[in-house]
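The structure appears below as structure tokens.
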Amino acid sequence: MERVLARTITHALVGLETRRVEVEAHLENGLPGFAIVGLADRACQEAKHRVRSGIASAELEWPLRRITVNLAPAALRKEGSAFDLPIALSILAASGQIPRDSLAKHAAVGELALDGRLRPVGGVLALAEAALEAGLPRILCAARSSPEAALAGIEPVPVRHLADAVAYLRGEHDPEPWVPANGRPVEPPMLDLADLRGQERARRALEIVAAGGHNLLLAGPPGTGKTMLARRLPSILPPLSPPEAIEVTRIYSVAGMLAADRPLVTTRPLRSPHYSASVAALVGGGPGPKPGEVSLAHRGVLVLDEFAEFQRPALEALRQPLEDGFVSIARVGGRAVFPARFQLVAAMNLCPCGARGDPAVDCKCSPQRLSAFRDKLSRALLDRFDLVVAMPRPRAAELAAPPGEASDPVRHRVATARKRLDVARAAWTKEATTLLDRAVERLPLSGRGRARARCVAETIAALASENAVAAEHLAEALAYRSPTELGAP
Ligand SMILES: Nc1ncnc2c1ncn2[C@@H]1O[C@H](COP(=O)(O)OP(=O)(O)OP(=O)(O)O)[C@@H](O)[C@H]1O
Ligand SMILES: [Mg+2]
């Protein structure tokens, strides 16, 4: 036995996409040694220590030969620790400790602990989908990752310890039978609109935004319910469809953010990053790369509270995903693409001291501070908000009034309007068209502004169960589009 070779199939993640990777182990006679080749990053190189220690802990034999592990194709950069298990299995197969052909029908993924236990890694859903597509009916993965792998339709083989995987591949025991959980887990309760008193105009705007998938900017003095309202948008959105749920789950899986007891994300995500968030935290990047907040909010809501406090580069970075619905991150040797189709709700005060917009208090901001504050929000960015709403301080009577309308009836109206919008595009009455032309000249409206105002008017018509957009629908849409809400001095 001069030279032996064994191979395990796995996949590497590039963003949300996967590439097939063959993990080949060569054993040669010669001075004992262990090398991993094939553009492995640091975490991947460290697999050497984990695999060696894991094999010893499983009371298996470490082959005292020259071991070379090749991760092919060599041109693809391999990141992370998910290759530990396939590397260990290839070495064990090459040294005859498990039957070599047993690996042909199995994909493998997972990080080894020094004591041989298998740890879950991110992205198992996408990796399992890729394995199934590659014709592999089973995937060896950490027990905690099994529910997630099963979502792909592949049969997971839950592995707690490397010794389990070996016994299974030797045919010494069957895999733990995979029992899918019964029914959907109980959803965590959502915040309800009933908590919000008054603010009728803002409530109406939220309903329009929910029905049409628009972006909303809430502006006003502190403590008027801006944050409250923004966080309640998911409660009036229709639930995720099953394909959408898988899409969102794939993103959370790659981010390593899936809870073990809830392998499928079934509620629309609500993300509210702090204003100190970096560009990479917002749009994604870093090693991996990892999805950013815009992708974690995919099919859900991104709330940017204290909008004016965000760093300018972070805000500008939002422009592209807002327009395209995805983020493309340049990488060495390629690019990673993450979906980012989210609804943006931003909230801000009207000036740095916060008093502006409240008739009872005097604003103490200097003109310089005020203009610096406004400069930060570029026109290009403000243009992307379909609706801008000022939220004044609620009157005492409003705050003492009984609770407002709850989320449930609003959600039903939203769902009906969405159906109407899906079926057919609304026709436009002549009056509405004339009004739109006048608005383009007078307001003025940019090309995008015009298109957005049209969409909002169509949403308003759908909410009114009308087949044609009338002038009153457009007038309401235009009333929500004026940057004057942001306070011309
Ligand atoms: N319209 C309202 N109805 C009921 N409660 C309200 C309302 N407005 C404010 N509150 C109360 O005030 C608290 C603060 O509201 P919220 O955080 O939404 O204010 P905000 O407008 O975001 O203020 P800031 O500009 O300081 O962020 C809420 O938790 C709630 O208890
Ligand atoms: Mg707030």
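None of the figures in this text is laboratory data; all of them are computed from the coordinates on show. Note that the structure is predicted; figures quoted are calculated from it, not measured. Methodologically, a virtual Cβ is constructed for each residue, glycine included, from the backbone with ideal geometry; neighbour enumeration extends over all protein chains shown.
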Once you have a ≥ b ≥ c as the square roots of the Cα gyration tensor eigenvalues for the range 424-489, tell me rounded if a/c is under 1.5, and otherwise prolate or oblate according to whether a/b is larger than b/c. prolate
Let me spell out the model: positive unit charges on the Cβ of Lys and Arg, negative unit charges on the Cβ of Asp and Glu, origin at the Cα centre of the chain. What dipole size does that give, in debye rounded to 20? 1020
Report the FRET efficiency, 1/(1 + (r/R0)^6), for ALA427 and ALA479, where r is their Cβ-Cβ distance and R0 is 30 Å, rounded to 0.05. 0.85
Express in nm, to one decimal, how much length is gained between HIS412 and ASP261 on full extension, taking 0.36 nm for each residue of separation and deducting their alpha carbon distance. 51.4 nm
Angle check, please: helix 47-57 long axis (alpha carbons) against the longest principal axis of the chain (alpha carbons), in degrees 0 to 90, nearest 10. 60
Run the quick spin-label model on VAL337 and ALA167: label points 7 Å from Cα toward the beta carbon, then report their separation in nm to one decimal. 4.5
Only residues of the range 442-485 count here: report those whose backbone N is under 14 Å from the spot 7 Å along Cα→Cβ of ARG204, or say none. 457, 460-461, 463-464, 472-481
To test your reading of the geometry: what angle, between 0 and 90 degrees and rounded to tens, separates the Cα axis of helix 407-423 from the longest principal axis of the chain? 80
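Explain nothing, just the number: dipole magnitude of the range 193-394 about its Cα centre with +1 on each Lys and Arg Cβ and -1 on each Asp and Glu Cβ, in debye rounded to the nearest 20. Intermediate results must be reported in sequence, preceding the final value.
Numbers: 26 positive and 18 negative charges, 22 e Å.
In debye, rounded to 20, the range 193-394 gives about 100.
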Contact order normalised by residue count of the range 3-169, Cα under 8 Å, 6+ apart, percent: 24
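Cut-off is 10 Å between beta-carbons; in what order do TRP428, TRP62 appear when sorted fewest neighbours first?
Least to most surrounded, the residues fall as TRP62, TRP428.
Set the Förster distance to 51 Å, then compute FRET efficiency between SER446 and ALA74 from the Cβ-Cβ distance, nearest 0.05.
Between SER446 and ALA74 the formula returns 0.55.
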Please list, in order, the residues from the range 286-309 whose amide nitrogen is less than 15 Å from a point placed 7 Å along the Cα→Cβ vector of ALA280. 286-293
Over all directions, how big on average is the projection of the convex hull of the alpha-carbon atoms in the chain, in square nanometres? 27.2
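On a full-extension model of 0.36 nm per residue, what is the gain between ARG42 and LEU191, subtracting their alpha-carbon distance, rounded to one decimal in nm?
Gain in length upon complete extension: 49.3 nm.
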Treat each spin label as a single point 7 Å out from the Cα along the C-beta direction, and report the VAL361 to LEU114 distance in nm. 5.6
Shape category assigned to the range 193-394 from the gyration tensor of Cα positions, a/c cut at 1.5: oblate
